[in-house]
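The values are calculated or read from the model by the stated rules, or taken from the named source; none is laboratory data. Nothing here was measured: the structure is a model prediction, and the numbers come from that model. Positions of Cβ are generated from backbone atoms using ideal geometry, with glycine treated the same way; all protein chains shown enter the neighbour counts. The area values use the complete protein model at the heavy-atom level, side chains included, leaving out ligands, DNA and RNA. Shrake-Rupley method; radii C 1.70, N 1.55, O 1.52, S 1.80 Å.
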Amino acid sequence: MSQKDLRMILTKRLSRGGATTFLINAIGMGLSMVMQIVLARLLGAIGYGIFAFVTTIMTFMLFATKLGFDTLIVRYVPVYQVNEKWDLIKGLIRRTNQFGLVLSILAGIVGLVFLGWNYQQIDAEQFTAYLAGFFSLPFLTLAILRQSTLQAFKDVLFAQLPEKIVRPIMTIILVTVIAAFGWKVSAGNVMICYGLSIFISYILGAIVLMKRVGPLTTGVTPCYETKNWFRLSISLMVNAGMYLILGQLNILVIGILHGETEAGVFSAAVRLGALVTFMLTAVNMTASPLISESYAKSDLKAMQHICMVTGRIGFVFAALIFALFLVCGRWLLGLFGPEFTVAYPALLLISLGQLFNAYCGQNGTVATMTGRERAQTKILIVAAAINVFLNLLLIPLFGITGGAIASAASVMFWNVATVILIRDELGLQTLVWVPSRSREG
């Protein structure tokens, strides 16, 4: 097959998968943003701060309960498919769900014990919010693993539909019902609605998984490589933890040092800033299994083409969103409420870091999908240490702006280091445009 034919095939697959991914992510991101704005308006800065702080804590707990298995599934299932190892696919799906369920239940119990110890220091609204979050953790964990399984099978639409579309819609509906019946729209009650929406989307996703993947493994005796999977998942979990620190730690630090209200204000800027890399994240849902599959076939030219196409799409979109924030960022923050406009400088700094992230392309995905997770872990640990140091140094001095500086600096560091790692070890260039680089033939 010629290089031209290869490019045409890959571009077609990326376009088909990317269009679906973009559509579902665009609708999902819009719904999520509407949900956040509605909640911020109904709860005010104080109540929204509690909601944002609890969901951030849930995110930190989630990275431990899924144990890196979500990334492991996306990496290994395409490889097993290439080699027609359906017994290992079935074993991997079953084992990761077993681990995820047990770990999430244990994490929830730990959370409940924490609530019991601190009952006197937590008001009723906070207590209810934390309680709802801890109870929903097992369903959230299994939903993430289900999403990764469908993504690995390149079923992008059904991988994302329950979480991206159903969950925010159900949350808005349930909160509306509370308001219609005259019940108090508090952070605790809103968190209960959010937990119920997680449960509903999990049930829907489980049904979809059974129908889409079940027939492919029916009658197959599962085979397990638990020790190997567990060893790799730990490394992937560490990487996920580092990414989490880079993206979410500043919210926790701000909440601890300046209170949950300011954490909620900063969280609004973080959520808007995430829009900058929205397209890169969207096409990554299609690109990840393709990169893993190409690497399994030792097809570096295909990998380079995937990186180039997806990276450039992601960066162009990122540049447009960054320009939008420069002009309209203060107004967009004002949609959450007048108290949120003070986060405008933080929004610009966070967005600048994400714009640089988009310029560096698929470096993190390539590292994970090609077995460079240990080298990447070292990079991310250093970046996380930089992030922690800058957060502790700058947040007491500059508040949410200090947190944004820490976020942007650490994101830029790990991107530069990972781009160099991929270039040196694989000979791939993930930067979306390099003037001195010779054109591909």
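Let a ≥ b ≥ c be the square roots of the eigenvalues of the Cα gyration tensor of the stretch 79-194; is it rounded (a/c under 1.5), or, if not, prolate (a/b larger than b/c) or oblate? Oblate is the answer for the stretch 79-194, as a/c is 1.5 or above yet b/c matches or exceeds a/b. For the stretch 352-420, the square roots a ≥ b ≥ c of the C-alpha gyration tensor eigenvalues yield an a/c of 1.5 or more together with a/b not exceeding b/c, which makes the shape oblate. Annotation: amide H-H contacts under 5 Å for Lys154 (H modelled 1.01 Å from N, sequence separation of 5 or more, or interchain): none. Report, in order of residue number, the helices in the chain meeting two criteria: a C-alpha extent of 15 Å or more along the helix axis, and a mean Kyte-Doolittle hydropathy of at least 0.5; treat each whole DSSP H run as one helix. What comes out of the filter, once short or polar helices are dropped, is 3-65, 69-82, 86-117, 124-152, 167-180, 187-212, 226-258, 278-296, 300-334, 344-359, 373-398, 400-426.
Any idea what the relative contact order of the stretch 132-248 is, in percent, if you count C-alpha pairs under 8 Å spaced at least 6 apart? Relative CO of the stretch 132-248 lands at 34 percent. With 26 Å as the limit on Cα-Cα distance, the pairs of Lys85/Lys211; Lys227/Lys301; Lys66/Lys378; Lys164/Lys378 that go past it are Lys227/Lys301; Lys164/Lys378.
Annotation: per residue accessible area for the chain equals 42 Å², rounded to a whole number [probe 1.4 Å, protein chains only].
When Cα extents along the principal axes in Å is computed from the coordinates, the matching label among (i) 65, 54, 36; (ii) 71, 47, 44; (iii) 87, 60, 49 is (i). For Asp424, Asp87, Asp123, the ranking by accessible surface with the largest value first comes to Asp424, Asp123, Asp87, using a 1.4 Å probe. Stretching Ala323 away from Leu101 to a fully extended chain increases their span by 75.7 nm, per 0.36 nm per residue minus the current alpha-carbon distance.
The chymotrypsin sites (Phe, Trp or Tyr not before Pro) of the stretch 129-227 that DSSP puts in a loop, and whose beta carbon has at most 12 other beta carbons within 10 Å, are Phe181, Trp183.
Per atom type, the chain shows carbon and sulfur on 69% of its accessible surface, probed at 1.4 Å. Going by the alpha-carbon gyration tensor, a ≥ b ≥ c the square roots of its eigenvalues, is the stretch 297-367 rounded (a/c under 1.5) or, if a/c is not under 1.5, prolate (a/b greater than b/c) versus oblate? Judged from the Cα gyration tensor, the stretch 297-367 comes out prolate (a/c at least 1.5, a/b above b/c).
By a 1.4 Å probe calculation restricted to protein chains, His305 has an accessible surface near 10 Å², given to the nearest 10.
Computed with every protein chain present, the accessible area of Glu425 is close to 100 Å² [probe 1.4 Å].
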